[in-house]
C-alpha cells in the first residue's frame, strides 16, 4: 500500500485523528518505518486545521515500537499571529510509540538572508548512479523506495552516508509529506564504522524545512546525507541534509540514535 492508500484506509476520529493498521510492507524490523510514523502524525496535524501555513519545523520522539493497529491524535498547542504549534501522539498496542510537535509559520519580510549548505561536490546524477540492492534491506525500502549511491565509493569507511532516494508511489502527496517520508530513509550514519553488526534505532529527530524554490524538473529524486558527529555509551548523534534534484537545500536535521553494538 502506498502512503496515500494507507491514509485512505484510516478510520477518522474527531479533531483530525485517525485509526489504522500499519501494513507489513512499511515495517522496519519490529516497528513502523520512522518516516511513515512521522508522516502519519503530520497528516493528522494538517487534517485538524486545513488553514495551516507552511511547515517550518518538526520535533519527533520515537518513544516505542509501532505496528498493527495504531491511533493518531493531534492536539493544538498554540495558534499565534504568525505561527501555529500542533502536537501529535501516535499510540499502538504497546502504548505511546511517537510524539511529535509541528511548527507551521507564515512567510515574513526579513532582511536577514543566508544561503543554506550546498550539495556535496562530485555528486553522481541519479540516472548514472548505481542502485542500492540486497535482500537484507528493511521491508519499507524494498517495497516503497528506490535508492542509489550518490558519491563514488571510498576506500576507508567513514560515518557518512549519501544516497539518492525517491518514493515508488507519490501520487496525491504534498511536498512536506513527501519530505517527511523520504527524510528518514537512510540508515544511521554510524553503521559503516560499527565494529560488528547490531541493532540501531532512531530515538529523536528534528527536521527543519527551508524556504526553497519549487522543483520544476526531474522525477522527484532527493539527495540525502547523514554524518555522525560522535558515538559512544550506546548512542550516536548525527547531522542530516536533504536537497532536491536541482541542488536546492530543502531540509536539515539532527538525530539521536541508539546503538546496540
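The values are calculated or read from the model by the stated rules, or taken from the named source; none is laboratory data. Values in this document were obtained by computation on a predicted structure and should not be read as measured data. All Cβ positions, even for glycine, are placed from backbone atoms using ideal geometry, and neighbour counts span all protein chains on display.
Taking the range 84-108 only, how many residues are surrounded by fewer than 16 Cβ atoms within 10 Å (Cβ to Cβ) and more than 20 Å from the chain's Cα centre (by Cα)?
Narrowing the range 84-108 to residues surrounded by fewer than 16 Cβ atoms within 10 Å (Cβ to Cβ): 93-96, 106-108.
Next, from what is left, pick out any that are more than 20 Å from the chain's Cα centre (by Cα): 93-95, 106-108.
So the answer is 6.
Applying the selection to the range 144-154, what residues are surrounded by 17 or more Cβ atoms within 10 Å (Cβ to Cβ) and more than 13 Å from residue 221 (Cα to Cα)?
Of the residues in the range 144-154, the ones surrounded by 17 or more Cβ atoms within 10 Å (Cβ to Cβ) are 144-145, 147-148, 150-151.
Selection gives 144, 151.
Among what's in the range 226-258 and is modelled with pLDDT of 95 or more and outside any strand (DSSP E or B), pick the residue that is farthest from residue 187 (Cα to Cα).
Taking the candidates together, the pick is 233.
Does any residue of the range 244-261 turn out to be free of Cβ contacts under 8 Å to residues at least 40 places away in the same chain, surrounded by 12 or more Cβ atoms within 10 Å (Cβ to Cβ) and under 20 Å from residue 57 (Cβ atoms)? Break it down into steps so the answer makes sense when it comes.
In the first step, residues of the range 244-261 are kept if they are free of Cβ contacts under 8 Å to residues at least 40 places away in the same chain; the result is 244, 246, 248.
Still in the list and also surrounded by 12 or more Cβ atoms within 10 Å (Cβ to Cβ): 244, 246, 248.
Now drop any that are not under 20 Å from residue 57 (Cβ atoms), which leaves 244, 248.
For the range 244-261, residues free of Cβ contacts under 8 Å to residues at least 40 places away in the same chain, surrounded by 12 or more Cβ atoms within 10 Å (Cβ to Cβ) and under 20 Å from residue 57 (Cβ atoms): present.
What number of residues within the range 151-182 are under 16 Å from the mean Cα position of the chain (by Cα), outside any strand (DSSP E or B) and under 19 Å from residue 248 (Cα atoms)?
Residues in the range 151-182 being under 16 Å from the mean Cα position of the chain (by Cα), outside any strand (DSSP E or B) and under 19 Å from residue 248 (Cα atoms): 9 in total.
I'd like the full set of residues that are under 27 Å from residue 25 (Cα atoms) and crowded, with 18+ Cβ neighbours inside 10 Å, limited to the range 49-60.
Residues satisfying the conditions are 58, 60.
Go through the range 7-27 residue by residue and tally those that are closer than 17 Å to residue 142 by Cβ and either buried (at least 21 other Cβ atoms within 10 Å of the Cβ) or out of contact with any helix residue (DSSP H, G or I) (no Cβ under 8 Å at 6 or more places or on another chain) (or both). Steps first, please.
At the first step, the residues of the range 7-27 found to be closer than 17 Å to residue 142 by Cβ are 22-27.
Okay, now just the ones that are also either buried (at least 21 other Cβ atoms within 10 Å of the Cβ) or out of contact with any helix residue (DSSP H, G or I) (no Cβ under 8 Å at 6 or more places or on another chain) (or both), so 22, 26.
The number of residues fulfilling the criteria is 2.
For (1) touching a helix residue (DSSP H, G or I) at 6+ places or on another chain (Cβ under 6 Å); (2) more than 23 Å from residue 204 (Cα to Cα); (3) part of a strand (DSSP E or B); (4) modelled with pLDDT of 95 or more, each residue gets a yes or a no:
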{"residue": "35", "(1), (2), (3), (4)": "yes, no, no, yes"}
{"residue": "72", "(1), (2), (3), (4)": "yes, no, yes, yes"}
{"residue": "77", "(1), (2), (3), (4)": "no, no, yes, yes"}
{"residue": "91", "(1), (2), (3), (4)": "no, no, yes, yes"}
{"residue": "101", "(1), (2), (3), (4)": "no, no, yes, yes"}
{"residue": "108", "(1), (2), (3), (4)": "no, yes, no, no"}
{"residue": "112", "(1), (2), (3), (4)": "no, yes, no, no"}
{"residue": "135", "(1), (2), (3), (4)": "no, yes, no, no"}
{"residue": "140", "(1), (2), (3), (4)": "yes, no, no, yes"}
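Looking at the range 143-169, which of its residues are closer than 15 Å to residue 1 by Cα and without any contact (Cβ under 8 Å) to a residue 60 or more places away in the chain?
Initial filter on the range 143-169 (closer than 15 Å to residue 1 by Cα): 143-145, 167-169.
Across the range 143-169, the qualifying residue is only 145.
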